[in-house]
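The values are calculated or read from the model by the stated rules, or taken from the named source; none is laboratory data. Everything quoted here is computed from the prediction, not taken from an experiment. Positions of Cβ are generated from backbone atoms using ideal geometry, with glycine treated the same way; all protein chains shown enter the neighbour counts. Calculation scope for accessible area: heavy atoms of the full protein, side chains included, ligands and nucleic acids excluded. Shrake-Rupley method; radii C 1.70, N 1.55, O 1.52, S 1.80 Å.
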Amino acid sequence: MSTIPTARELAAHAASREVDADLQDARDALTRDLNLIINTLAGRRDVLLNMVWDRPDVAVPAWFDPGRAEVSINAHIALGDDVHPDDVDPITTDGRLRHPVLIGLCCHEASHAHSTRWQYDVPDGTPPLVLNAASLLEDIRIEHRQLGRRPSDRVYLRATSEHLILPPRGAATTTLENRWRAAQFAALVFGRVDAGILEAGDVLELLPMLHAALGVSTFETLRDIWCDVLTVADGDTTALLAAARRWIGAVGADENTDPDHDGTRMPGSACSGHHGDHGRHREDGRDDAPDLLADAAAAALAAVTDAAIKDAAGEITPPPDSSAGDKAVAEHDVEASDRDDAEAAAAHVFAGRGSFASPVRGTRAPTSQERREANRLAAALRSAQYRARAKRRLRSDTPPGRVDGREIALGRAQLAAGIPVTARPFRRVERHRVPQPPITVGIAVDVSGSMGWAESSLASAAWIVAWAVHQVSGTSATVTFGDAVTPITRPRMAPDKVTEFSAEGSTEEFVTAVQALDGQLRLASGKGARLLVVVSDGDLVKPGELEAGQRLVSRLAASGVGVIWLDLHGRSSVMADCAAVQLDSGSEAAAAIGKAAVSALRQAR
């Protein structure tokens, strides 16, 4: 089995290959697009992504180099040999779902980039076998952490099931090696069930084989260990290494066994998001031996991958269900009811009716600093919104276009054989303009008594965002919610003044606020980049408000709305299906909202 190539080896290989200029341009464009999303997946700003082309000899699908902060994706495995880079669009949701294996590999390595930190604190003299066991357990821990941050990545991680980095093929030659390999299969397969990636039914047929190889009690002991590892915090090297030593003891090995020189194969994971070179497998002539466990695992995971790819493409047909019609009607009724409630709330809140409970204190002219920040945000939004001209590759049997020598040779051979000529030797690229994605931002600010820290800074943030979004022909609105819901900025209006408000409410009309923004901005049913920003400590005291608010937020998130919850010093109770953005002070609110809006636009391109 091949090892992970070094950066120098990859560079030398790329330099030795002559690639058609159009194909190279397409490859470079895909790499640039993947670099636009990899830091979003990783929750970092410094990660680079490199596509490895024309290396079918490399069997590792992807790896992460922590020293270089670089993710490498093996294009031969991620895309196959029949997919042209021009046909891959990782920027849009539809494009990602058409190539879920590629995105799944990006998600896995991004989870290493985000969560794998233990390798920097490994004590000197730690046995290699302990590192191998730690890397094995880390592989499932980081995917579990990724789902906690980004639940929607599950569909992509499932699609990579067939390409999970499993032990090398080949029958074991010792009892210890056989137990180690069986334990690896248990962790990488059933560990992913407990991590939330796979379903138990996907791989249940492997359980009797693992019980036979390990014993039921040992399997359960190993499961206790990997379940404990799923709760280990990022960077807790002590806990991870302690679990690795427990793992080695449960398998029945001596932690001082040298897996590279003692005649046994006891590797960790081949993904180099881990420590050193312990993830590389040696070629020792045993990979062609019969391996019933590997064959069964490969078949089960191939079925999972196939189902996940079809599911991502919307090709899964639900089983017949006599109640399906009733269920569809009920869901349609709920959706219609939510839409009616949102429109009614919008009509009430934005109709201009005053309220005795209004928190508005007055207006003022924006400061020069606020104007500079608004201009800066507008420029960032405009840059993120920009789409390069799209291109389409065409082939024809007549000029114009570049000549393809192989197609000419094919045409001559077809003429000589007296068969219809299908060769198209001329190829060209047509470019056309692509509409810019619209942006819609709704901001809901809690003005109950506990939110006094937000008064001045959020009034400023609301004006900055409204003005900047208006400059890029977007739509935004800001409301406050306390004893009543009050509009601060309105859609399709560039505010001339900063509206100031006070936080003195005794309750929180959260549901009405979100409904009003949804109804006025068409968040659930709109197009392009759609954001709902909530600024609140989450302490909703009105009976039933928390439950109703959670259902409403989850519905918007399921409709493609990015829900951002601004959290000051980690004090807020953040609802599920929201991305928490922690602030050190209220003055950072405008920058945080702007960053989320730029990210949403890039995702929508």
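Summary table
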{"item": "Accessible surface of region 192-235 [probe 1.4 Å, protein heavy atoms]: carbon and sulfur percent", "result": "55"}
{"item": "Solvent exposure, largest accessible area first (probe 1.4 Å, DNA, RNA and ligands not counted), of 234, 340", "result": "340, 234"}
{"item": "Förster radius 22 Å - calculated FRET efficiency between residue 174 and residue 258 (Cβ-Cβ, nearest 0.05)", "result": "0.95"}
{"item": "Sequence of 143, 205, 199 from largest to smallest accessible area, 1.4 Å probe", "result": "205, 199, 143"}
{"item": "List 106, 578, ordered by accessible area with a 1.4 Å probe, largest first", "result": "578, 106"}
{"item": "Solvent-accessible surface (1.4 angstrom probe) belonging to residue 485, in square angstrom, nearest 10", "result": "20"}
{"item": "Per-peptide average of other Cβ atoms within 10 Å, ordering 178-184, 152-158 highest first", "result": "178-184, 152-158"}
{"item": "Rounded accessible area of residue 371 (nearest 10 Å², 1.4 Å probe)", "result": "110"}
